[in-house]
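S.K.: This structure is in structure tokens; I'll ask about it shortly.
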Amino acid sequence: MFPDLPAIKITGNVSVSESSYTLNNYFFYAEGSVSAKRTLDKQIIAEHFFKVKGSHRSKKQAALKALEEAGLEAGHELSKMILEKETMK
């Protein structure tokens, strides 16, 4: 699709913590960052920090929901930044 673009390595970290329990729902936060680095010159071309809340009646599902929401947000924002920066050359 974009044969002229260099390879990009994406790395990140995330932590999940319980926030509260309200109206029979558990609330968790997923907090962390994700970054994209060109493999040719090791330059960071995009970085996104996030703190996202997820909720569910099950404690485990609430934590997974927070991680799911964080992954969706991080992936969307990072890909948008990469495409804007790398295709504007």
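The values are calculated or read from the model by the stated rules, or taken from the named source; none is laboratory data. Not measured: the values here are computed from a predicted model. Cβ sites come from the backbone with ideal geometry, for glycine too, and all protein chains shown count toward neighbours. Heads up: the accessible areas ignore ligands, DNA and RNA and are worked out on the full protein's heavy atoms, side chains in. Shrake-Rupley method; radii C 1.70, N 1.55, O 1.52, S 1.80 Å.
S.K.: Which of the residues belonging to segment 48-68 are more than 12 Å from Val16 (Cα to Cα) and under 9 Å from the mean Cα position of the chain (by Cα)?
M.R.: His48, Phe49
S.K.: Right, here's the next one. Scan the strands (runs of 3 or more DSSP E) fully inside the chain and keep the ones with 2 or more residues being without any contact (Cβ under 8 Å) to a residue 40 or more places away in the chain and open to solvent by less than 40 Å² (accessible area, probe 1.4 Å).
M.R.: 25-38, 44-56
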